[in-house]
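The block underneath contains the structure these notes are about, expressed in structure tokens.
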Amino acid sequence: MTDSILKMEDVSFSYHNLNGETTALQNLTFSVKRGEFLAIVGPSGCGKSTILSLLAGLLAPEEGGITFYGKDGKKPGIGYMLQHDHLFEWRSIWKNVTLGLEIQHRLTPENKRKVREMLQDYGLEGFVDKKPSELSGGMRQRAALIRTLALEPDILLLDEPFSALDYQTRLTVSADIARIIRSAQKTVILITHDLSEAVSLSDRVLVLTGRPAHVKAEFSIHLTLPDDSLLAARKAPEYTEYFNQIWEELSNENN
Ligand code: ADP
């Protein structure tokens, strides 16, 4: 599949500790296309975060394989954004967003210029000298995204990145961040327990079974939108139908 950027094939993974073995994933197979926005939903504890840890290379599959199809045969760069922004309070916003570049010795004038541009695009240019605690939750999440995007990853792994935000902020920030990511033409894998978020932001939704997770169903999402405003996605005529179908798959799984 040449337009795939990654493929997980028959992947199984168990955690082993003193209390025994927990099989998190069993024969999990799916692929993601370059530039695609994939949302993954499933019952709590079914193995969603484990999938991201495997893709990020923090864990290795026990069985099966993960193949990446990078440009020029190189492995695509991977950025990982978590529920908590993990901004460092003792560093200014500028020092936070450039942290990854600093660690990788890539804080070149060109990369600094790109970061400044992003700060401007995302409305944070006036906050570069502030400390994280002086910013709202939504602004902090934008700063965390800039820090991730500064490293120019090809694939973004998002693990419930909006769940710590209040509902109102979450609606705007998630739509905003999805717009930013789309315009940067990144491939995204979003884990969320919020079905509205999954349907309104993604191109495709994978529904996982309970642990050990494998793919139960998948839905390609096509919403008729009046413009490119993702906030309007929830008003699209097809939205409720997708939401109900996914909800049904998930509630069968929870029973
Ligand atoms: P999800 O993200 O879907 O909530 P996780 O991938 O975090 O699920 O976890 C899948 C299962 O593996 C859960 O039952 C969890 O308790 C277990 N698990 C996760 N991490 C560990 C670990 N480090 N050691 C043992 N079990 C773990």
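The values are calculated or read from the model by the stated rules, or taken from the named source; none is laboratory data. Note that the structure is predicted; figures quoted are calculated from it, not measured. Quick reminder, even Gly has a Cβ in these numbers, built from the backbone with ideal geometry, and neighbours come from all protein chains shown. Note: areas computed on protein heavy atoms with side chains; ligands, DNA, RNA excluded. Shrake-Rupley method; radii C 1.70, N 1.55, O 1.52, S 1.80 Å.
Which residue is farthest from the ligand (Cβ to nearest atom), if the candidates are limited to the range 60-84 and must be in a loop (DSSP other than H, G, I, E, B) and open to solvent by 50 Å² or more (accessible area, probe 1.4 Å)?
Per the stated criteria, the residue is 74.
Out of the residues in the range 33-52 that are in a strand (DSSP E or B) and more than 12 Å from residue 215 (Cβ to Cβ), which is nearest to the ligand (Cβ to nearest atom)?
Top of the filtered list is 39.
So residue 158 clears everything in (1) more than 16 Å from the ligand (Cβ to nearest atom); (2) touching a Leu at 6+ places or on another chain (Cβ under 7 Å); (3) touching a residue at least 24 places away in the same chain (Cβ under 8 Å) except one condition, right? Which one?
Tallying (1) more than 16 Å from the ligand (Cβ to nearest atom); (2) touching a Leu at 6+ places or on another chain (Cβ under 7 Å); (3) touching a residue at least 24 places away in the same chain (Cβ under 8 Å), residue 158 fails exactly one: (1).
Search the range 36-48 for residues being open to solvent by less than 40 Å² (accessible area, probe 1.4 Å) and not aliphatic (A, V, I, L, M), and hand back the single one that is nearest to the chain's Cα centre (by Cα).
Here the residue is 37.
Which ranges mark the strands (runs of 3 or more DSSP E) fully within the range 130-245 that have 2 or more residues being over 18 Å from residue 85 (Cα atoms), out of contact with any Phe, Trp or Tyr (no Cβ under 8 Å at 6 or more places or on another chain) and open to solvent by 50 Å² or more (accessible area, probe 1.4 Å)?
Here the list reads 215-220.
Within the range 201-226, can you find the residues that are modelled with pLDDT of 90 or more and of a type outside the set (A, V, I, L, M, F, W, C)?
202, 203, 204, 209, 210, 211, 212, 216, 218, 220, 222 - these are the residues of the range 201-226 that are modelled with pLDDT of 90 or more and of a type outside the set (A, V, I, L, M, F, W, C).
For residue 115, only one of the following conditions fails: (1) in contact (Cβ under 8 Å) with a residue 40 or more places away in the chain; (2) crowded, with 16+ Cβ neighbours inside 10 Å. What is its number?
Condition not satisfied by residue 115: (1).
Kindly provide the set of residues from the range 85-129 that are polar (S, T, N, Q) and part of a helix (DSSP H, G or I), ordered by number.
The answer is 96, 111, 120.
What's the total number of residues in the range 98-112 that are surrounded by 13 or more Cβ atoms within 10 Å (Cβ to Cβ) and among the hydroxyl-bearing types (Ser, Thr, Tyr)?
1
Please state which of the following conditions residue 229 fails to meet, knowing it meets all the rest: (1) at pLDDT below 80; (2) of a type outside the set (Val, Ile, Thr); (3) in contact with a Pro (Cβ under 7 Å, 6 or more places away or on another chain).
Of everything listed in (1) at pLDDT below 80; (2) of a type outside the set (Val, Ile, Thr); (3) in contact with a Pro (Cβ under 7 Å, 6 or more places away or on another chain), residue 229 misses just condition (3).
What tally of residues in the range 1-32 results from selecting those that are surrounded by fewer than 17 Cβ atoms within 10 Å (Cβ to Cβ), in a strand (DSSP E or B) and away from the ligand (no atom under 16 Å from the Cβ)?
Residues meeting the conditions: 6.
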